[in-house]
Amino acid sequence: MTELAKRPSFLPEVDVELPEVEQKSAVKYCKLLQAMSPELIEGDEKYNPDAKSGKYILGEAVFKDATVQVLQVKNLWKEWSPEGLKGVYESAEDAEMEAQPTSDVKQSMDFMVRFLDGKVKGETGIISFAMDKYSKAESAQSWLSMLKSACLKQKAQESAFTWKLSSIMKKGKKGSWYNTTVALKGWVNDEQFEQAQKVLSDHSESLMLEEKAASVNI
């Protein structure tokens, strides 16, 4: 992990606990493209001529890597049907009680981030990890562990740091795929920190993931 230099004076010193989140996300999902992603398949309605496995896509923008700032992290249980996402729940118990018997419920860990450079600079997106997939769960837990370590050591909230988001190819018996990788870069600047607080305070209802979802405690 990158060693953080002198702590910026604009950051308040806090005992860290990730904030609660509100109802329904209007934020775009940031997707790591794989060989069979529809964005790579000509003729598919999601086809994007710039798409390539190992790159990320946010809306129509495709990029290889980016600097990001974490706003929030949430553990969620999502109800899926053939038509798509039907519901989001705060716990496995709630999902079991409320989801339709024919639906498929999957746990995910969602990182809401701001993009600080490149063609998606200034955008907010959600990087979601399906926790039933070993490689994705490993990526999520690794990032969360680094985030916890930085927050606790520096007594700073999660939006105080910048991260290098990229990907790495993995190979196994079933073929090859790409995993998300992150590395701690350093502190945000005062403008980036203020912008993060503005996003969370001014647009919380439209940006947050789920009204009752329990925070991932740091």
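Here are some conditions: (1) out of contact with any Lys or Arg (no Cβ under 6 Å at 6 or more places or on another chain); (2) open to solvent by less than 40 Å² (accessible area, probe 1.4 Å); (3) free of Cβ contacts under 8 Å to residues at least 40 places away in the same chain; (4) within 24 Å of Ala140 (Cα to Cα). Trp80 meets all but one. Which one does it not meet?
For Trp80, the failing item is (2).
Do the conditions hold for Val70, that is, is it in a strand (DSSP E or B), in contact with an Asp or Glu (Cβ under 8 Å, 6 or more places away or on another chain), in contact (Cβ under 8 Å) with a residue 60 or more places away in the chain and open to solvent by 10 Å² or more (accessible area, probe 1.4 Å)?
Against the criterion (in a strand (DSSP E or B), in contact with an Asp or Glu (Cβ under 8 Å, 6 or more places away or on another chain), in contact (Cβ under 8 Å) with a residue 60 or more places away in the chain and open to solvent by 10 Å² or more (accessible area, probe 1.4 Å)), Val70 does not qualify.
If I ask for residues that are in contact (Cβ under 8 Å) with a residue 40 or more places away in the chain and in a loop (DSSP other than H, G, I, E, B), which ones from the stretch 94-121 would you list?
Leu116, Asp117 - these are the residues of the stretch 94-121 that are in contact (Cβ under 8 Å) with a residue 40 or more places away in the chain and in a loop (DSSP other than H, G, I, E, B).
Which ones in the stretch 152-166 are among the aliphatic types (A, V, I, L, M) and under 14 Å from the mean Cα position of the chain (by Cα)?
Answer for the stretch 152-166, where residues must be among the aliphatic types (A, V, I, L, M) and under 14 Å from the mean Cα position of the chain (by Cα): just Leu165.
Taking the stretch 116-126 only, how many residues are at pLDDT 95 or above and aliphatic (A, V, I, L, M)?
Adding up the residues that qualify gives 2.
Could you run through the stretch 122-178 and say how many residues are loosely packed, with under 13 Cβ neighbours inside 10 Å, among the aliphatic types (A, V, I, L, M) and in a strand (DSSP E or B)?
2
Select from the stretch 47-83 the residues that are touching a Gly at 6+ places or on another chain (Cβ under 6 Å) and modelled with pLDDT of 95 or more and list them in ascending order.
Listed by number, the residues that qualify are Leu58, Phe63, Ala66.
Can you name every residue in the stretch 50-67 that is of a type in the set (Gly, Ala, Ser) and in a strand (DSSP E or B)?
Those that are of a type in the set (Gly, Ala, Ser) and in a strand (DSSP E or B): Ala61, Ala66.
Applying the selection to the stretch 23-67, what residues are of a type in the set (Phe, Trp, Tyr) and open to solvent by less than 20 Å² (accessible area, probe 1.4 Å)?
Matches in the stretch 23-67: Tyr56, Phe63.
The values are calculated or read from the model by the stated rules, or taken from the named source; none is laboratory data. Just so it is clear, the structure is predicted and the values come from calculations on it, not from any experiment. Heads up, the Cβs are rebuilt from the backbone with ideal geometry, glycines too, and the neighbour counts pull from every protein chain shown. Surface areas here come from the heavy atoms of the whole protein model, side chains and all, with no ligands, DNA or RNA. Shrake-Rupley method; radii C 1.70, N 1.55, O 1.52, S 1.80 Å.
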